[in-house]
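Below you'll find the structure, written out as structure tokens, and then a few comments.
The values are calculated or read from the model by the stated rules, or taken from the named source; none is laboratory data. The model shown is predicted, which means the values in this text are computed figures rather than measured ones. Neighbour counts run over all protein chains shown; Cβ positions are idealised from the backbone, glycine included.
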Amino acid sequence: MRLTELKKLQELMPGGEGAGWYTYTQENNAGEVKCKVEPAGKTIQATTVTVANESGSPRIAQVAIKGEDVLHVL
């Protein structure tokens, strides 16, 4: 599973016809994690993240992505 951080940024474009504030999205590669893919049994209706606590620290255990029919188990 490849994780990507998306940031919305706003900048001022100086001078000219296209001058003014504009918003754009910047992608930042946040990393890759190996996971197992398991059948969900049906199409997933909403994206969800299941978090497990291990020794008091939260850990992502499973990711279900809307529209897919598999679960990503970490």
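So which of 33, 37 ends up being in contact (Cβ under 8 Å) with a residue 40 or more places away in the chain and of a type in the set (Val, Ile, Thr)?
Just a single option satisfies the conditions, and that option is 33.
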Next item on the list: Could you grab me the full set of residues in region 14-52 that are more than 12 Å from residue 71 (Cβ to Cβ) and among the acidic types (Asp, Glu)?
Entry: 17, 27, 32
Next item on the list: Report, ordered by the first and then the second residue, all pairs with beta carbons closer than 8 Å, sequence separation of six or more or different chains, a first member in region 1-17 that is in the same structural domain as residue 27 (by TED's automatic domain parsing), and a second member that is of a type in the set (Lys, Arg).
Entry: 1/34
Notebook entry, point to check: If residue 21 passes every condition in (1) without any contact (Cβ under 8 Å) to a residue 60 or more places away in the chain; (2) among the hydrophobic types (A, V, I, L, M, F, W, C); (3) in a strand (DSSP E or B); (4) surrounded by 11 or more Cβ atoms within 10 Å (Cβ to Cβ) but one, which one does it miss?
Noted result: (4)
Margin query: Of all residues being over 12 Å from the mean Cα position of the chain (by Cα) and small (Gly, Ala, Ser) in region 17-34, which is nearest to residue 7 (Cα to Cα)? Just the residue, please.
Written below: 20
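Okay, residues lined up against (1) loosely packed, with under 10 Cβ neighbours inside 10 Å; (2) at pLDDT below 95:
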site	(1), (2)
1	no, yes
7	yes, yes
13	no, yes
30	no, yes
33	no, yes
59	no, yes
68	no, no
Margin query: So for region 49-63 (the condition being more than 23 Å from residue 8 (Cβ to Cβ), among the charged types (D, E, K, R), over 16 Å from the mean Cα position of the chain (by Cα) and not in a loop (DSSP other than H, G, I, E, B)), does at least one residue qualify?
Written below: yes
Check: Applying the selection to region 55-74, what residues are of a type in the set (D, E, K, R) and under 20 Å from residue 45 (Cβ atoms)?
Finding: 66, 68, 69
